[in-house]
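What follows is one structure encoded as structure tokens, with my remarks underneath.
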Amino acid sequence: MLGPHASIYGMKRLRRVLVRAFQNEESKLYFSLNNFIALAILASVVTVIFETVPSFTASYADIFYTLEWIFLVIFGVEYALRIYTAKDKRGYVLSPIGILDLAALLPSLALLGLPLQSLAILWVLRLLRILRLLRTIRLVRFIAPDARTRSRLGKFVHEIQWINIEIYLFALLLVVVFSATLMFVAEGHIPGTHFPTIPDGMWWAIVTITTVGYGDMVPLTVMGKVIAGLTMICGLALFALMLVVVGHAAQRALFGSEVGPTGS
């Protein structure tokens, strides 16, 4: 049997490993853990989206319920360990990231006691669950490719500031998902709606953001029109951001600087 000193040493060693995994941003363990959490976040968001499709809910209700338990355990353990390893536990709990982590858990706890087809309450909770995606903001700086990968992609791609590309794609995904979800919450329950599911709303959001404007899906309520207007404004902002990122990369690739060939 292990003596008390061995047990204490084992606990201290375990805590050091956990601190390295959850707090040391320079460790490989931290990188691996956060990659896993990011995948879990994305999987949970995809699950939420597909749960709004009636045919999927009818066929895979048990699977959705099981997945929700799995996500609840993953995010619950993560939240508890982040508190355990944080130097300032109160600071983490009350920080925006800490509040967001908690917001990822509370809807799941409520949902597990409700039928999957609950109406207004479930829609609001689903919207909160999608906030999990915001937690991946902290991972953006870890996704840049290594030198070997960049060398295979050519000079132009080599010159692109990867962090800007990642932020742009992340912002685009957030706008599409949130716009679709808000439109689903606002109009998914009304007769003749064009937004009966979140995937339908995502198609509309992509068409709106890219200014294609097929006109096959339009909001019918005042709230829906407000959401549509905000989505259009976000689309303009994203388009301007894309021009800045691509233009900056093109200048660096063609002229070797940000100001052009004359240096002026």
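Some points to look at:
- Within this structure, T221 fails the test of being surrounded by 18 or more Cβ atoms within 10 Å (Cβ to Cβ) and modelled with pLDDT of 85 or more.
- Leading residue by the ranking (surrounded by the fewest Cβ atoms within 10 Å (Cβ to Cβ)) among those in the stretch 196-218 that are of a type in the set (F, W, Y) and free of Cβ contacts under 8 Å to residues at least 24 places away in the same chain: Y214
The values are calculated or read from the model by the stated rules, or taken from the named source; none is laboratory data. Just so it is clear, the model here is predicted, and its values are computed rather than measured. Every residue, glycine as well, gets a Cβ built from its backbone with ideal geometry; the counts of neighbours run over all protein chains shown.
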